[in-house]
Structures are given as structure tokens and as C-alpha cells.
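Colleague: Can you keep this structure in mind? I'll have questions shortly.
The values are calculated or read from the model by the stated rules, or taken from the named source; none is laboratory data. Please read these numbers as outputs of a predicted model, since none were measured by experiment. FYI the Cβ positions are ideal-geometry reconstructions off the backbone, even for glycines, and counts take in every protein chain you see.
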Amino acid sequence: MDSLFINFIRRAVVVPLVAAVITVAVLVTIGPRAVAKTGNNLPDSTEQVATLDLTEFSLKSYKKFKQLKPGDLVATVECENISLGETAVVYDSSDKNNAVMHKASVEPWDNNGGVLFIGANTSDQFKQLHFAEVGEKFTVSFYDNEKYTYKLKKIIPSEEAKNLTSYIKDNTLVLCLQYNDFKDLGNSYYYQVFIAEKV
């Protein structure tokens with residue numbers, strides 16, 4: 001009876017315990033090397049810049065936003081730290097593949113205006129915005145106009161569309177990431193708002 005009990009203990013406790021210790025030892029020594037080789041990091045921003053082809057957009061020289069038509073390229077926005085790459089921003093378009101500049105935006109080179117860009121969380125590059133943290137720097141190139149750098153000061157997790165333009169102030173860049181509001185039975189959205197100031 002005693003030998004049966006000892007064999008049971010050996011099979012039920014000792015063998016699984018030894019197997020678990022060996023498995024943990026293997027994972028601790030080999031695991032980090034395997035993860036490093038897979039390269040499961042965010043894509044490097046230079047890769048994303050290389051994929052942006054501006055020839056697919058309507059390119060038009062402008063000095064005032066009111067000269068633009070829906071779908072015209074307004075600017076490109078970058079943030080290397082979150083691999084945002086070089087993301088195209090178009091004027092007043094319903095296309096969810098690109099970020100869109102809101103009509104209420106004012107030229108930053110004219111009276112220190114503020115701009116509002118809205119992008120969907122499903123777009124290939126703009127969805128990277130949700131990785132942004134306070135302190136990130138964004139560079140906005142307004143096509144053939146000037147280039148500006150903005151520093152992220154505040155993140156508002158959930159806002160309604162009707163309130164977005166209230167965040168446009170002098171020398172600000174307001175970036176909004178659009179999400180479907182599944183709580184609402186209608187086809188509505190809520191927005192994560194990123195407020196940055198010119199540096």
C-alpha cells in the first residue's frame with residue numbers, strides 16, 4: 001500500500017513539478033531571444049513614410065483654406081515616437097481612409113490660427129494616434145506653405161462631435177480619433193481628442 005501511495009505522489013506531484021521547473025527555465029533563457037527575433041514592435045516611421053504616395057491626392061497650391069475643395073491635400077502630419085509616419089490630411093472629405101481637416105480650422109500662418117484634424121481609428125496610419133501620450137511632438141507640413149511643430153498637452157478620452165470645434169484655439173493642433181459608439185443604436189461616433197500647442 002505504501003509503495004502505491006509513493007508511486008501516486010511521484011506521478012501526480014513530483015513529475016509535473018519537475019516538468020514545470022524545466023519549462024520555466026527554458027522560457028526564461030530562450031524566450032527573450034525568440035521575442036527579439038520576431039520584431040513585434042510598432043512599424044518604424046520611415047517604413048510608413050515610404051508608403052505614402054502624394055500623387056493619389058488632389059495637390060493644389062493654396063494660401064487660404066477657403067481655396068481648397070473637398071478631397072484636396074491640406075497637410076501631412078507626423079509623430080515619429082508613435083510611428084504615425086507621414087499621414088495625409090485632406091480637406092472636408094467623407095473618405096474614412098484619410099484624416100480630414102475640419103472647415104472651422106484657421107491658417108496658422110495667418111493670425112496664429114488653430115487647426116482640427118479628424119481621423120478614423122480604422123484608417124491605416126491615423127489609428128496609431130491612440131499610442132500618443134502627453135509630451136509627444138507632432139510636425140505638420142501644410143503642403144507648399146509652412147511647417148509647424150506642436151507638443152501634446154492634453155488628451156480627452158471621449159467627446160461628442162458637436163463639441164470638437166470648441167477646442168480650436170490660437171496656435172493649437174487638435175487631433176481627433178473617431179470611434180463607433182456601439183451604445184447608441186443610431187450610426188453615431190465618439191472622439192478621443194488630443195490637444196497640442198505650437199512650440
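Colleague: Report yes if some residue within the stretch 136-152 is modelled with pLDDT of 95 or more, of a type in the set (Lys, Arg) and within 14 Å of residue 194 (Cα to Cα); otherwise report no.
Modeller: For the stretch 136-152, residues modelled with pLDDT of 95 or more, of a type in the set (Lys, Arg) and within 14 Å of residue 194 (Cα to Cα): present.
Colleague: Look through the stretch 61-94, keep the residues that are in contact (Cβ under 8 Å) with a residue 60 or more places away in the chain and more than 14 Å from residue 139 (Cβ to Cβ), and return whichever of them is surrounded by the fewest Cβ atoms within 10 Å (Cβ to Cβ).
Modeller: 61
Colleague: Please find, among 174, 134, 140, 193, the residue that is without any contact (Cβ under 8 Å) to a residue 40 or more places away in the chain, assigned to a strand (DSSP E or B) and assigned by TED's automatic domain parsing to the domain that holds residue 71.
Modeller: Of 174, 134, 140, 193, the one residue that is without any contact (Cβ under 8 Å) to a residue 40 or more places away in the chain, assigned to a strand (DSSP E or B) and assigned by TED's automatic domain parsing to the domain that holds residue 71 is 193.
Colleague: How many residues does the stretch 146-157 contain that are of a type in the set (S, T, N, Q) and under 20 Å from residue 100 (Cβ atoms)?
Modeller: Number satisfying all stated conditions: 0.
Colleague: In this structure, is residue 35 on the phi < 0 side of the Ramachandran plot, more than 13 Å from the chain's Cα centre (by Cα) and modelled with pLDDT of 95 or more?
Modeller: Against the criterion (on the phi < 0 side of the Ramachandran plot, more than 13 Å from the chain's Cα centre (by Cα) and modelled with pLDDT of 95 or more), residue 35 does not qualify.
Colleague: Assigned by TED's automatic domain parsing to the domain that holds residue 60, assigned to a strand (DSSP E or B) and of a type outside the set (Val, Ile, Thr): is that true of residue 104 in this structure?
Modeller: no
Colleague: Would you point out which residue out of 47, 86 is at pLDDT below 90 and over 20 Å from residue 173 (Cα atoms)?
Modeller: Sole residue among the options that is at pLDDT below 90 and over 20 Å from residue 173 (Cα atoms): 47.
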